[in-house]
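Asker: First, the structure itself, so that you have it in front of you.
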Amino acid sequence: MNGPRVSKGMLALFLFAGAVAVVIFVQRSLAAPDGGWDAWMIWNLRARWLLHAPSFAEAFPAALPVTHPDYPILLPTLVALGWWVAGHESAAVPVAWAAVFALLYVGLTVLALARQRGWAWGLTAGTLLLSAPMFVWCSADQCADIPLGVFLLAGAVAVIEASGEEGRRRAWLHMGAGLALSLAALTKNEGLVYLITGLAAVLLIGKGQRWRDALWLSLGALPGLMLLGWFKLRYAPPGEYGGSAALAMLVDPARWLLVSVHVLRRFVYFQGWTLLLVLVPAGFWFGLRNQAQPGVRRVALGMLGALGLLAASYLVTPYDAVWQIDNSFDRILLQCLATLLLILFVSVPGGARLGRAPESVVHSSPS
Amino acid sequence: MPHSPREGRRIDARYAPLRPLLTGSEPVGFLTDERFPHALESERYTQALYALAPRQLLLDAPDAGLWLADLLDPASLPKLANARGLEPMAVFDDGRLALLRRRPGP
């Protein structure tokens, strides 16, 4: 792989950040084996219903909208499957899934960047992710936002890789992106937003092959979307969004002000993110200007559209908007963070300055 | 919170004595003295839902024959029970958890 070489200090920093993250993950998992609020209230609760309800249809009781019976069920299914295999409801099962997805979140980021720009960039991104308190906390809390982030990242990697390919390989990569994004839609409702805006971005950016790329992406997403449609139309009770009240909230200037202020407030949530959130606007800035890789521009535009729509959903939330922003916006950013780091680091100029001199320079030096 | 998940034990442990008493499938009413603007924000309600799944616990269940009370203050039980014509069947966790049934009519 090309790119700057990895210094010992860089590798040591990555390993140190990884070791600290593992210690915190284990400590929090031992302290709270059932995970955080979302884990017991939504995902593991649904896993129990899937395992014990008299019938599949009864695992989604409309009488309990507080449990979000309309939410997609990929993660609860994985947990229920683990419990079924284990023979009992071991706390280790959801903890293990959380660990697997956390590893994938960091590992896929490192590998994708290593392939695009070399190991130094990959390890730098990995170190940044591992040192984000929000990432480590949410991993141990068994948040579904990490698995969603993994599928989103996988879709983004496939779209970026595809933009440098032609023919059958390009088609397969777009199908892979569609599959990954459909898995995101099967994980959380936000996943469907990423899929739709991603598809729109593919149609808007690029020359010549836009419709063909979009077709392959749609075909890749089709099986997952059919599964999601089957669940939503047949079993899931109606969601809590919508109705005439939502329309009134959408045109209320005071609500726009309230939501805007509180969304922006999350960008200075230093204790959860340190300085990492600076990378969010930077990722969009460099990603959207990346003329060499249309795939990166597609991902950046798709992400920007999705974030805009998700932020706008606070305008029509049936809950207290401030409470919901405070409890969910950081997790939405976490879904995107690895992908934003990817598009930032593949787009930012001056790669040779990171780490040691590029290998080609080192190799040409007299030894 | 006396049953906060940060204690290092599973949420189920606190509700385990109730499980053998909740053998049917009909919805159970839920009572608490915890104040919350939305049911999502009630740690007691959400943890009871999780621990007793797939039993349905309903905050608004005027017809329920069986009720679960999960309380911050055990002293609030008589007032909450009397207001709904309920009487305790079994009490756990120093009076913070109670299973109630409808008081027989005159």
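Where a number appears in this text, it was derived from the coordinates with a stated rule and is not lab data. Here the structure is a predicted model, which is why all the values come from computation and not from measurement. Because the Cβ atoms are built from the backbone with ideal geometry, glycine has one as well, and the counts that use them run over all protein chains shown.
Asker: For helix A:294-312, what angle does its Cα long axis make with the longest principal axis of chain A, in degrees from 0 to 90 and rounded to 10?
Answerer: 30 degrees
Asker: Rounded to whole Å, give me the distance from the Cα center of region A:190-234 to that of region A:46-94.
Answerer: Between the Cα centres of region A:190-234 and region A:46-94 lies a distance of 27 Å.
Asker: Taking H placed 1.01 Å from N in the peptide plane, check which residues at least 5 places from residue B:57 or on another chain put their amide H under 5 Å from its amide H.
Answerer: B:28
Asker: What is the order of A:296, A:316, fewest Cβ neighbours within 10 Å to most?
Answerer: A:316, A:296
Asker: Can you tell me the convex hull volume per residue for region A:117-188, based on C-alpha atoms, in Å³ to the nearest whole number?
Answerer: It comes to 80 Å³ per residue, whole-number rounded.
Asker: Would you mind computing, in nm to one decimal, how far apart the modelled labels at residue B:72 and residue B:9 are, each placed 7 Å from Cα along Cα→Cβ?
Answerer: 2.3 nm
Asker: Moving on to the next point. Can you give me the angle between helix B:43-52 and the longest principal axis of chain B, using Cα atoms only, in degrees from 0 to 90, rounded to the nearest 10?
Answerer: With rounding to tens, the tilt is 80 degrees.
Asker: Provide the percentage of antiparallel DSSP beta bridges, counting only those with both residues in region B:5-102; round to the nearest 5.
Answerer: 70 percent
Asker: Between 0 and 90 degrees, rounded to the nearest ten: what's the tilt of helix A:145-162 against the longest Cα principal axis of chain A?
Answerer: In chain A, helix A:145-162 runs at an angle near 40 degrees to the longest axis.
Asker: Restricting things to Cα coordinates, could you compute the convex hull volume per residue of region A:30-185 in Å³?
Answerer: Dividing the Cα hull volume of region A:30-185 by its residues yields 130 Å³.
Asker: How large is the helix-only mean residue ellipticity at 222 nm for chain A, computed as the sum of -39500 (n - 2.57) over DSSP H runs with n ≥ 4, divided by its residue count, in deg cm²/dmol to the nearest 500?
Answerer: -23000 deg cm²/dmol
Asker: Would you calculate the convex hull of the Cα atoms in the protein assembly as shown and tell me its volume per residue in Å³? Walk me through the numbers on the way to the answer.
Answerer: Numbers: hull volume 80.5 nm³, N = 473.
So the per-residue Cα hull volume is 170 Å³.
Asker: Using modelled amide H (1.01 Å from N, peptide plane; none on Pro or chain starts), what sits under 5 Å from the amide H of residue B:31, excluding residues fewer than 5 places away?
Answerer: Distant-sequence amide H within range of residue B:31: B:68, B:69, B:70.
Asker: Can you find, among A:86, B:46, B:71, the residue sitting farthest towards the positive end of the charge dipole of the protein assembly as shown, where Lys and Arg contribute +1 and Asp and Glu -1 at Cβ?
Answerer: A:86
Asker: Another one. Per 10 Å bin from zero, what fraction in whole % of the C-alpha pairs of region B:5-102 is there, up to the bin with the longest pair?
Answerer: Per 10 Å bin, starting at zero, the Cα-Cα P(r) for region B:5-102 comes out as 16, 54, 28, 2 percent.
Asker: Among DSSP beta bridges lying fully in the protein assembly as shown, give the percent that are antiparallel, nearest 5.
Answerer: Here the antiparallel bridges make up roughly 70 percent for the protein assembly as shown.
Asker: Please identify which residues in region A:165-207 have an amide N closer than 11 Å to a label point set 7 Å out from the Cα of residue A:215, following the Cα→Cβ vector.
Answerer: none
Asker: Related question: Toward the positive end of the charge dipole of the protein assembly as shown, about the Cα centre and with charges on Cβ (Lys, Arg +1; Asp, Glu -1), which of B:31, A:62, B:83 goes farthest?
Answerer: A:62
Asker: How many angstrom lie between the Cα centre of region B:13-91 and the Cα centre of region A:262-335?
Answerer: Between the Cα centres of region B:13-91 and region A:262-335 lies a distance of 39 Å.
Asker: Projecting each Cα onto the charge dipole of chain A (Lys/Arg +1, Asp/Glu -1 at the beta carbon, about the Cα centre), which of A:287, A:271, A:133 comes out farthest on the positive side?
Answerer: Going by the Cα projections, it comes out as A:287.
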